[in-house]
1. Looking at region A:120-139, can you tell me whether even one residue there is buried (at least 19 other Cβ atoms within 10 Å of the Cβ), among the charged types (D, E, K, R) and outside any helix (DSSP H, G or I)?
2. So for region B:86-103 (the condition being farther than 16 Å from A:Arg87 by Cα, of a type outside the set (A, V, I, L, M), buried (at least 19 other Cβ atoms within 10 Å of the Cβ) and more than 9 Å from chain A (Cβ to nearest Cβ)), does at least one residue qualify?
3. Considering B:Val77, B:Val58, which residue is within 14 Å of chain A (Cβ to nearest Cβ), of a type in the set (Val, Ile, Thr) and outside any loop (DSSP other than H, G, I, E, B)?
4. Exactly one condition in (1) more than 14 Å from chain A (Cβ to nearest Cβ); (2) at pLDDT below 95; (3) not in a strand (DSSP E or B) is false for B:Thr179; which is it?
5. Quick check: anything in region B:208-220 over 30 Å from A:Val103 (Cβ atoms), touching a residue at least 12 places away in the same chain (Cβ under 8 Å) and buried (at least 16 other Cβ atoms within 10 Å of the Cβ)?
6. Being modelled with pLDDT under 95 and more than 9 Å from chain A (Cβ to nearest Cβ) is the filter; apply it to region B:222-251 and report the residue that is nearest to B:Glu188 (Cα to Cα).
7. When the residues of region B:55-80 are filtered to those that are without any contact (Cβ under 8 Å) to a residue 60 or more places away in the chain and either small (Gly, Ala, Ser) or crowded, with 17+ Cβ neighbours inside 10 Å (or both), which remaining residue is nearest to B:Thr207 (Cα to Cα)?
8. Might you check whether a residue that is touching a residue at least 40 places away in the same chain (Cβ under 8 Å), outside any strand (DSSP E or B) and more than 27 Å from A:Ile25 (Cβ to Cβ) occurs anywhere in region A:140-153?
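The values are calculated or read from the model by the stated rules, or taken from the named source; none is laboratory data. Being a predicted model, the structure only gives us computed values, none of them experimental. Every residue, glycine among them, receives a Cβ derived from its backbone with ideal geometry; neighbour counts consider all protein chains shown.
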Amino acid sequence: MAYTKRIDKRKFDETRPIEAKVGVIKRADGSAMFKIGNTVAYAAVYGPRSMFPRFLQNPQKGTLRVNYNMMPFSGHGDRVRPGPSRRSKEISMVTEKALLPVVDLKEFPNAVVDVFIELPQTDAGTRCAGICAASMALADAGIAMKDLVSSIAVGVIDGTVVADLNYDEEAFEGEVADIPVAVLPNSGKISLLQMDGHNTRGDLKKALELAKKVCMKIYEVQKKALKEKYASGKSESK
Amino acid sequence: MNQELKNHVLELLQKDLRLDKRKSLEYRKPIKVEYGVSKSAEGSARVQIGETIVVAGVKLSIDKPYPDTPEQGCLSVGAELLPMSNPEFEPGPPGIQAIEIGRVVDRGIRESKSIDLKKLCIKAGEKVWFISIDICPINDDGNLFDAAALSALAALKDTKLPKLEKIEDTYIINYKEKTKESLPFSKEPVSVTVLKIGDKFIVDPTTEEEKIYDARLTVATTEKGELCAMQKGGEEPLTVEEIDQMIGIAVDKTKELRKAL
């Protein structure tokens, strides 16, 4: 059966409502909040600062280190056990790789830029929301960047290509492919790509094109949030 | 040092040649699958791709189902990078590299719905079969991703359920007696990893080539050519066209791996 109507009545290429805000955590060198539907991600950036443990220092260039974490009460169902899991470690790593192409850490040998992503409330698409928040937080921290990174999960549900799956759609009884994608808006290149579920080569290409289109919209929201903090002249100098 | 190696590899790739004289899209030989390599496991297999050797084993146990799937058996895939297999691996709990291999293999099997987990329910909400697949490289000469996925599938195919004895209300597994019953299979996902170095694509990398790639895409496909899982790696981004090309290469190359099963 074809998927003709979305569970929450959105259009196929429509995302859930998005909110973004920069500078939400005052202690941090840079921070941002990104909310998409019921998924909320906070990101805080500290650094460049000295890398510890010391053996991880890289004398060639600075290191980007991402830590993704779901708060224990943020899951769908059971309590999420605190501390790193296999899942959170993998997401931290792919997030790092998604952000790495845009940041320039040549000037900071032996230093680390720490990015902490925390989720107080989730409804699918957490790694993508985390990446959106993290790229804004990196910009807020004044890290030299070539571009922002915008990210969205696209999917194919019983042959229909859709943007921004929520939890109910991910768990839909039928053939679902869930594809988190991160796009570098200025080059259109893809720095995060994962997929699980059933898909064909043709539908995948369509889904990626949709992801690029949606990410351009997210990019505008991210830019607007950054400008809001800095254009108003209210930004406190640190 | 790696930059010089990369330049050299790129120069060779202009002539469609690799360090070991292969063509860019050529797998090493032999590609070999051997079943039943561990008698203690319910299913096991050894996979060899060139000099890379990986062993996978399946253990079955009875456990409570996950609360969100009370009528389904459970599946877990783990990989350990044994220090025996590569001088750069260290003892200790699985690091991020091992976790990634385990999770990517897990997704290939889980998302293709390869095994009908509903058929592994013994008593809904209480007792289900729990399949644990563990992947151990014996010799890492590169391309652990593809070898690991192939070995996990082969070990699952080799698996026979042990005898289940019911004493009053408790179930006890008699591991000494295997039944003739196999796992409920419907699809067979096989993974191929395509690497991008400069503007060239290669498959089946050696450990040297794994040090210098720009981007990596692992694609798991079923025998019908449907895609069931993907994972991008590496520090460079990719265009949609490149991704499409890499998938094309992967789908094509899966056939060669499948022949060994």
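1. Step one: filter region A:120-139 for residues buried (at least 19 other Cβ atoms within 10 Å of the Cβ), giving A:122-139.
Applying the additional criterion that residues be among the charged types (D, E, K, R) yields A:123, A:127.
Subsequent filtering for residues that are outside any helix (DSSP H, G or I) retains A:123.
Looking for residues that are buried (at least 19 other Cβ atoms within 10 Å of the Cβ), among the charged types (D, E, K, R) and outside any helix (DSSP H, G or I), one finds at least one in region A:120-139, hence yes.
2. Our first condition is that a residue be farther than 16 Å from A:Arg87 by Cα; within region B:86-103, this holds for B:86-92.
Still in the list and also of a type outside the set (A, V, I, L, M): B:86-92.
From what is left, the residues that are buried (at least 19 other Cβ atoms within 10 Å of the Cβ) are none.
So far as region B:86-103 goes, no, none of its residues is farther than 16 Å from A:Arg87 by Cα, of a type outside the set (A, V, I, L, M), buried (at least 19 other Cβ atoms within 10 Å of the Cβ) and more than 9 Å from chain A (Cβ to nearest Cβ).
3. On the way: B:Val58 fails: within 14 Å of chain A (Cβ to nearest Cβ).
Criteria check complete, one pass: B:Val77.
4. All conditions are met except number (3).
5. At the first step, the residues of region B:208-220 found to be over 30 Å from A:Val103 (Cβ atoms) are B:220.
Then drop every residue that is not touching a residue at least 12 places away in the same chain (Cβ under 8 Å), which leaves B:220.
Filter again for buried (at least 16 other Cβ atoms within 10 Å of the Cβ), leaving B:220.
So far as region B:208-220 goes, yes, one or more of its residues are over 30 Å from A:Val103 (Cβ atoms), touching a residue at least 12 places away in the same chain (Cβ under 8 Å) and buried (at least 16 other Cβ atoms within 10 Å of the Cβ).
6. Here the answer is B:Glu223.
7. Taking region B:55-80 first, the residues without any contact (Cβ under 8 Å) to a residue 60 or more places away in the chain are B:66-76, B:78, B:80.
Those still in the list that are either small (Gly, Ala, Ser) or crowded, with 17+ Cβ neighbours inside 10 Å (or both) too: B:72-76, B:78, B:80.
Values: B:Gln72: 39, B:Gly73: 36, B:Cys74: 33, B:Leu75: 30, B:Ser76: 27, B:Gly78: 21, B:Glu80: 17 Å.
Filtering first and then ranking leaves B:Glu80.
8. No, that holds for no residue.
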